[in-house]
Amino acid sequence: MEPAICCHPERSEGSSHPLYKILRRKAPQNDRLSILDAKGARVTFDREHSCCFTGHRPQKLPWGMNEDDPRCLALKREIAARLDAVYELGYRRFLCGMAIGCDMYFAEAVLALREKYGDVTLEAAIPFGDQPGRWSQKLRLRYNKLIDSADQVTVLQYGYTPDCMMRRNRYMVDHASLLLACYDGRPGGTMNTILYAERNEVKVLVIEIET
């Protein structure tokens, strides 16, 4: 697989992010990922100290889109606490799939962690170029703010295909040594990502979501 690397696409208020700089490279055969940052400088990341994330969208969350629900606020606090613990274990690079729901909670928590520790980086792993194209304006604005704040944006493919979400998830697992998952025990993409990580001997840390 040859993922496209897009470094900080130009800002777009209220619409999908246009991708102004697409690079292509072959996936590495070792545990170190070499890419270009927003200024075109070569950056090397250590898989051993990289953590990726998987979690449910609002459709599977008991509180849906209501992020003021006490259960949602508790989950956000738990994600932040786990990130602090993971940071203490030496993890510095965090990969997020940028979906609505738990992905956004995670990305925002990583950015808060970066405010505390300057050596934290966030990579946004985008399954296809127009990921937020059918979202509400409010969600697109939130997404664009996260993309603009990310240290690296990786776009796996240009257009949507039925397997693009799982391809994105496998990309993240393949470039990390730890998977943090918000999971309710039910079948779906989150479960498949956990199973993929376990098959590939990537450590898994689960935050349980009660249904």
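The values are calculated or read from the model by the stated rules, or taken from the named source; none is laboratory data. Keep in mind the model is a prediction, meaning the values are calculated, not measured. Cβ: placed from backbone, ideal geometry, glycine included. Neighbour counts: every protein chain shown.
Points to keep in mind about this one:
- ALA181 crowded, with 16+ Cβ neighbours inside 10 Å and either out of contact with any helix residue (DSSP H, G or I) (no Cβ under 7 Å at 6 or more places or on another chain) or of a type in the set (S, T, N, Q) (or both): no
- Top-ranked residue of region 77-98 - restricted to ones that are under 15 Å from the mean Cα position of the chain (by Cα) and of a type in the set (Lys, Arg), ranked as surrounded by the most Cβ atoms within 10 Å (Cβ to Cβ): ARG93
- Residue within region 156-169 that is over 16 Å from GLY55 (Cβ atoms), buried (at least 22 other Cβ atoms within 10 Å of the Cβ) and at pLDDT 95 or above present: no
- Where ARG186 falls short, out of the listed (1) closer than 16 Å to ASP103 by Cβ; (2) more than 16 Å from the chain's Cα centre (by Cα): (1)
- Here ALA109, ALA124 are screened, and the one residue that is small (Gly, Ala, Ser), out of contact with any Gly (no Cβ under 9 Å at 6 or more places or on another chain) and at pLDDT 95 or above is ALA109.
- Entirely in region 98-211, the helices (runs of 4 or more DSSP H) that have 2 or more residues that are among the polar types (S, T, N, Q) and in contact with a strand residue (DSSP E or B) (Cβ under 6 Å, 6 or more places away or on another chain): 189-199
- Filter result for the condition that a residue is within 15 Å of the chain's Cα centre (by Cα) and surrounded by fewer than 16 Cβ atoms within 10 Å (Cβ to Cβ), over ASP148, ASP119, ASP103, ASP174: ASP148
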